[in-house]
């Protein structure tokens, strides 16, 4: 049974903000949200910003990334991460990875060079596979590690929350996230200088930061609106209930789909506790991207078929960067089925989607009868071997 969702906010919680407006120089609700976020994640500092992409861009700037630098990130990533790197005037260098963003540490280490200024770990569908290994590489080379945990609120890796392994963790508050506020984002860090630089950058450098006087550098308007901060703080209070519901939804959908020829359920790797952001499978049917698109047309939203997820090394938007091919990542992402889940999805909604997935998979492969395969783990499907081929 799926637990109920957390209660929605009452309209009256927004009234104090409305009564104070206009108040352009005061942000008590954002400050209160930052305190609550830092406490919830047991970190020293949280900085609220206007989106997850703004969080990534701000984190790069706060870590000192500048023009001419290189930033290493998995080839399996969303374009918002690439956009943030370009906004920092740095060059993205794509690393072989599995479909859910886990980087091949051999390829990662090989691509570290004198211009490497940061590493970004990306946790797609709430999975953090291999995060501790990436953290070890970053620490060994003394390179800042930034986590894109926008899809991983509440996920854990080896007992620790996603977003707390790196120098900075970046999150989104967009609708559909575990904690949402319509739009918004935030950064987590234990570094006071990074927090100061992030707070200054998100408000046109109107604050002094780590010895840099106010108004001596250019920044951005990445501030989170006060009304959004109120909504985010209300929803943050229901985080555990939201996590329980989303994990139950993901588990139920996977159970309802069951064993279908051409789909292999991806189970978490040892030490990983995903937040249930999506239910995930490996597609072994022919033309997997076309199959994902067919599911979208039939009413099952998913990362590849609905949102066009593609390995960055093969993405049309990245070709002007002349990226090196990452064949393992390209192959793995093309075979990924990550079904989008929302807090409002009912058990009946999930039953209907499961029936569609079963029907379309059977129709797509009318012969059926594939030999049974063990369920791949996030480590086996998500992390390629050092030879560059998926280790499934």
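The values are calculated or read from the model by the stated rules, or taken from the named source; none is laboratory data. Computed from a predicted structure; not experimentally measured. A quick note on method: Cβ atoms are made from the backbone with ideal geometry, for glycine too, and the neighbour counts reach across all protein chains shown.
Entry remark, the stretch 302-334: residues being buried (at least 17 other Cβ atoms within 10 Å of the Cβ) and outside any helix (DSSP H, G or I) number 11 in total. Highlighted here are the helices (runs of 4 or more DSSP H) found entirely within the stretch 28-130 that include at least 1 residues which are more than 30 Å from residue 267 (Cβ to Cβ) and out of contact with any strand residue (DSSP E or B) (no Cβ under 7 Å at 6 or more places or on another chain): 28-41, 52-62, 79-87. Checking 256, 285, 263 one by one, the residue that is touching a strand residue (DSSP E or B) at 6+ places or on another chain (Cβ under 7 Å) and over 22 Å from residue 177 (Cα atoms) is 263 and no other. Regarding the stretch 236-252, can at least one residue be identified that is out of contact with any helix residue (DSSP H, G or I) (no Cβ under 6 Å at 6 or more places or on another chain), part of a strand (DSSP E or B), at pLDDT 95 or above and over 30 Å from residue 29 (Cα atoms)? So far as the stretch 236-252 goes, no, none of its residues is out of contact with any helix residue (DSSP H, G or I) (no Cβ under 6 Å at 6 or more places or on another chain), part of a strand (DSSP E or B), at pLDDT 95 or above and over 30 Å from residue 29 (Cα atoms). Mind counting the residues in the stretch 43-80 that are crowded, with 24+ Cβ neighbours inside 10 Å and within 13 Å of the chain's Cα centre (by Cα)? Counting residues in the stretch 43-80 that are crowded, with 24+ Cβ neighbours inside 10 Å and within 13 Å of the chain's Cα centre (by Cα) gives 7.
Kindly indicate whether residue 40 is in the same structural domain as residue 196 (by TED's automatic domain parsing) and surrounded by 24 or more Cβ atoms within 10 Å (Cβ to Cβ). Spelling it out, it is not the case that residue 40 is in the same structural domain as residue 196 (by TED's automatic domain parsing) and surrounded by 24 or more Cβ atoms within 10 Å (Cβ to Cβ).
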